[in-house]
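Enquirer: Below are the structure tokens for one structure; questions will follow.
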Amino acid sequence: MEVASKANMFDKNGKVLRANKALLTDAIDTTHGALVGVSTVTTYVESSAGVGEGGKTGLTSVTTGVLFFLSIVFAPIFMAIPACATAPALIIVGLFMLQNVVKIDFFDYTEAIPVFLAIILMLLTYSIANGLMFGVVAYVVFNLLGGKKEKISVTMYIIAILFVLKMIFM
């Protein structure tokens with residue numbers, strides 16, 4: 001949603017254009033990464049920074065991939081750069097991620113509380129995945145309790161159940 005918002009990829013009904021293609025690509029990349037034993041290969045919210053600068057065709061991603069490949073040679077030099085030197089770039093990425101917060105309906109608690117939990121738990125757990133997990137579960141729970149079952153798709157129910165099982169057993 002973040003990247004689609006930056007790229008203005010919504011139709012007149014507010015649905016993401018060509019969402020199936022984007023999700024299929026993400027699923028294939030995630031599966032491929034798991035099969036070769038690397039950490040999850042997926043599209044991240046940070047992609048909105050590239051889209052915000054005009055990269056919408058995929059050439060930005062190819063260029064980034066080539067530069068990451070070339071950085072293998074320079075990795076030892078990059079390791080010498082202290083974390084305090086990279087912090088400003090991370091602050092800017094965080095700023096890009098928060099720009100869409102103004103679009104949240106804070107008067108609708110079934111929307112606002114799950115978003116707040118997702119954001120705050122990303123910070124407190126040092127994990128985007130944990131924040132999203134709690135946010136999704138809270139979204140389903142608050143909409144069920146608020147009598148807004150029509151807002152929850154079958155996919156959201158399935159994901160929320162899987163996340164709850166993950167919290168219980170892992």
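The values are calculated or read from the model by the stated rules, or taken from the named source; none is laboratory data. Note that the structure is predicted; figures quoted are calculated from it, not measured. Glycine also receives a Cβ, built like all others from the backbone with ideal geometry; neighbour counts cover every protein chain displayed.
Enquirer: Can Val115 be described as assigned by TED's automatic domain parsing to the domain that holds Phe163, modelled with pLDDT of 85 or more and touching a Pro at 6+ places or on another chain (Cβ under 9 Å)?
Expert: No.
Enquirer: Right, next: Out of all the residues in segment 141-170, which are exposed (fewer than 14 other Cβ atoms within 10 Å of the Cβ) and hydrophobic (A, V, I, L, M, F, W, C)?
Expert: If the condition is that a residue be exposed (fewer than 14 other Cβ atoms within 10 Å of the Cβ) and hydrophobic (A, V, I, L, M, F, W, C), then Leu145, Val154, Ile158, Ile161, Leu162, Leu165, Met167, Ile168, Phe169, Met170 are the ones that fit.
Enquirer: Ok, one more. Within segment 136-156, which residues are in a helix (DSSP H, G or I) and under 26 Å from Leu98 (Cα atoms)?
Expert: If the condition is that a residue be in a helix (DSSP H, G or I) and under 26 Å from Leu98 (Cα atoms), then Val136, Val137, Ala138, Tyr139, Val140, Val141, Phe142, Asn143, Lys151, Thr155, Met156 are the ones that fit.
Enquirer: Can you tell which of Gly58, Gly65, Gly135, Gly94 is closer than 26 Å to Asp26 by Cβ and in the same structural domain as Leu162 (by TED's automatic domain parsing)?
Expert: The conditions single out Gly135.
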